[in-house]
Amino acid sequence: MQHFYFRPRWIPALATLVTMALFIHLGNWQSDKGNRVAAQRAQFAQRAQQPAQAIGAALADPQALQYLPIQVRGRYQPEAQFLLDNQQENGVPGVQVITPLLIDGSHTRILVNRGWIAWGVSRQRLPVVTAPTGLVQVRGIASIPVTKKLFFLPDRDDPQGQLWSRIDLERFARLHGGPLQPLVLLQASDDSDDALVRHWQAPEDRVAMHRSYSLQWYAMAAGLLFFFLVASWRKKVPT
């Protein structure tokens, strides 16, 4: 009858523990991302049903207003308008039009994402979009712009400052001065009769994907532990 004994070696044991810790950390990371996306989608759906809140000169708390309906009165400043690059609508490349609004009775601005327009025949000629004049009231959804720069989408900003790769509130404040609301108003689809397209979607549903990835990392950690335990049993040689 063959006899076996358990005798792990310390170097493989240490390597297994370190690798398992890494796999578990990556699993937790993916699980947390899934939970955050689920929470964001639930918040978007719940807050969309709330009554619109008026935005004034006082700087708002962006986290408290994220996804809430808001409204603001003021005058557009088309001379500071810029276009957000790398935007698509039904697979068609285009830009989103970002126009600052000077809030009525103050020096505070808020950036208004007025919607999407397709590129023309060439990227060398920027789309021309006019803004309403005079005092206007704008309705929409409060949104905190993504500040993370994606490495696979390098900045290709237009030298004249009209074409931006992302909404950078700090950059806008440096260029134009004055107080700026720390959020963007996504204009409601029925708030204007212009030709811009306004389809504001809930945060993308990647909950299942992140949770699937987390299970894969946990399974890899469990598989590594099983392999180490099996490999640590050794056949006893008769003396």
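How do the peptides 97-104, 47-54, 18-25, 185-192 rank, highest first, by the average count of neighbouring beta carbon atoms within 10 Å per residue?
So the order, starting with the most tightly packed, is 97-104, 185-192, 18-25, 47-54.
Applying a length cut-off of 20 Å (Cα extent along the axis) and a mean Kyte-Doolittle floor of 1.0 to the DSSP H helices of the chain leaves 207-231.
Cα centroids of the stretch 122-147 and the stretch 10-33: 46 Å apart.
Using only Cα atoms, what is the ratio of the radius of gyration of the stretch 164-219 to 2.2 N^0.38 Å? Could you put the intermediate results ahead of the total?
Working: Rg = 18.7 Å, N = 56, 2.2 N^0.38 = 10.2 Å.
Ratio of Rg to 2.2 N^0.38 Å for the stretch 164-219: 1.84.
Shown here are the Rg and Dmax of the Cα trace of the chain, at 26.5, 99 Å. Determine the sum of side-chain charges near PHE228: Lys and Arg each +1, Asp and Glu each -1, restricted to other residues whose C-beta is under 14 angstrom from that of PHE228. Computed value for this residue: +3. For the stretch 52-187, the equivalent ellipsoid derived from the alpha-carbon gyration tensor has semi-axes of 24, 16, 15 Å in decreasing order.
Would you mind ranking GLU89, GLU79 by Cβ crowding within 10 Å, fewest neighbours first?
On the way: GLU89 15, GLU79 9.
With the sparsest Cβ surroundings first, the list reads GLU79, GLU89.
No value in this document is a laboratory result; all are computed from the given coordinates. All values derive from a computational prediction rather than experimental measurement. Every residue, glycine as well, gets a Cβ built from its backbone with ideal geometry; the counts of neighbours run over all protein chains shown.
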